[in-house]
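Trainee: Quick one: the structure is below, questions incoming.
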Amino acid sequence: MDTTPEQISARTAAAWTVVLAVLGGFTGYAWDGPFLAVTCALSLAGGGAVGTVLSRRRIMAALHDGQGKAAELGYADGIADMMVLGISAYRAAVFPLSGPDAVDAAERVARRRAAYRLTAADGLPHEVREAAAAALEAIDDGSDRATRTAMEDLMQAVRKQRATR
C-alpha cells in the first residue's frame, strides 16, 4: 500500500465522497423515497468530490512546504552531528588515551583537516560554528582542560540548536 501524502489524500477524498453519498442516500430515502435518495446521494457526493479536489492543491502545497522545512532542519542536525564526530576524532588523535606516541603525525593531520572541513560545511548555525571554532582552537593549542570545556560548549550549542525548533 502506497503511503505517500498524495495517495493518502486521494484515498481520504474518495472515502469522504463515499460517506457523503451514503449519508445523502439514507437521508433522501427517509424523506421521500428512492428518487430523492439517488438525488441527495449524487448531490452530496458531487459536492464532496468538488470540495476535496479544490482543497487538495492547498493541502499538498502545505505538505510539500513542511517536508522541505523538515529536510532542511534534518540536514542541519546531521551536519552538526558529523562535525562534532569529526572534532572528537581530531581530539582523540591529539590527546590519545594510550599515550602521546599512540597516533602518528600523518593521522593527526588527516583528522585535523577533516574536522576543519566539517566545520566549514554549509547549513550550520552561527552559534554552532563559533563553538566549533573555539573547540578546534583549544585542540590546536594543546590544552586538555580548555579542550574539554570547549567540547562541552560545542555539545551544548548543538543541543540548543535542536531545542529552539
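The values are calculated or read from the model by the stated rules, or taken from the named source; none is laboratory data. Bear in mind the structure is a predicted one, so any value in this text is a computation, not a measurement. Ideal geometry is used to build each Cβ from the backbone, glycine not excepted, and the neighbour counts take in all protein chains shown. Surface accessibility is based on the protein's heavy atoms, side chains included, excluding ligands, DNA and RNA. Shrake-Rupley method; radii C 1.70, N 1.55, O 1.52, S 1.80 Å.
Trainee: Quick one: how many Å² of residue 127 are accessible to a 1.4 Å probe, rounded to 10?
Mentor: Accessible surface of residue 127 is approximately 120 Å².
Trainee: How much length is gained on full extension from residue 35 to residue 108, taking 0.36 nm per residue of separation minus their Cα-Cα distance?
Mentor: Using 0.36 nm per residue and subtracting the Cα-Cα distance, I get 17.8 nm.
Trainee: Additional query: With each pseudo-label sitting 7 Å past Cα toward Cβ, what's the residue 163-residue 57 distance in nm, one decimal?
Mentor: The two pseudo-label positions are separated by 4.4 nm.
Trainee: Same structure, new question: Using a 1.4 angstrom probe and counting only protein chains, how large is the accessible area of residue 95 in Å², to 10?
Mentor: 50
Trainee: With just the Cα atoms defining each centre, how far is the range 122-152 from the range 2-58? Give it in Å.
Mentor: Centre-to-centre distance over Cα atoms comes out at 60 Å.
Trainee: Further, regarding this structure: If you wrap a convex hull around the Cα atoms of the chain, how much volume per residue is inside, in Å³?
Mentor: Per-residue hull volume (Cα only) is 162 Å³.
Trainee: A follow-up question, please. Quick one: if the Förster radius is 41 Å, what FRET efficiency do residue 140 and residue 65 give, using the C-beta to C-beta distance and rounding to 0.05?
Mentor: The formula returns an efficiency of 0.45 here.
Trainee: Considering only protein heavy atoms, with the full assembly of protein chains and a 1.4 angstrom probe, order 158, 18 by accessible area, largest first.
Mentor: The ranking, largest first, comes out as 18, 158.
Trainee: Starting from the Cα of residue 133, step 7 Å along the direction of its Cβ; do the same at residue 152; then give the gap between the two resulting points in nm.
Mentor: Roughly 2.3 nm, to one decimal.
Trainee: Solvent-accessible area per residue for the chain at a 1.4 Å probe radius, Å²?
Mentor: Accessible area per residue: 65 Å².
Trainee: Grab the Cα-Cα distance for residue 116 and residue 3, subtract it from 0.36 nm times how many residues apart they are, and report the gain in nm with one decimal.
Mentor: Between residue 116 and residue 3, full extension yields 36.6 nm more.
Trainee: Return a whole-number percent for the relative contact order of the range 11-140, with Cα pairs under 8 Å and 6 or more residues apart as the contact set.
Mentor: So the answer I get is 18 percent.
Trainee: Further question: Protein chains only, probe 1.4 Å: how do 42, 36, 23, 136 rank by accessible area, largest first?
Mentor: From most exposed to least exposed: 42, 23, 36, 136.
Trainee: Could you tell me what percent of the accessible area of the range 57-151 is made up of carbon and sulfur, with a 1.4 Å probe and every protein chain present?
Mentor: That fraction is 57 percent.
Trainee: Follow-up question, since we're still on this one. Residue 12 to residue 85: extension gain in nm, 0.36 nm per residue of separation minus the Cα-Cα distance?
Mentor: 21.9 nm
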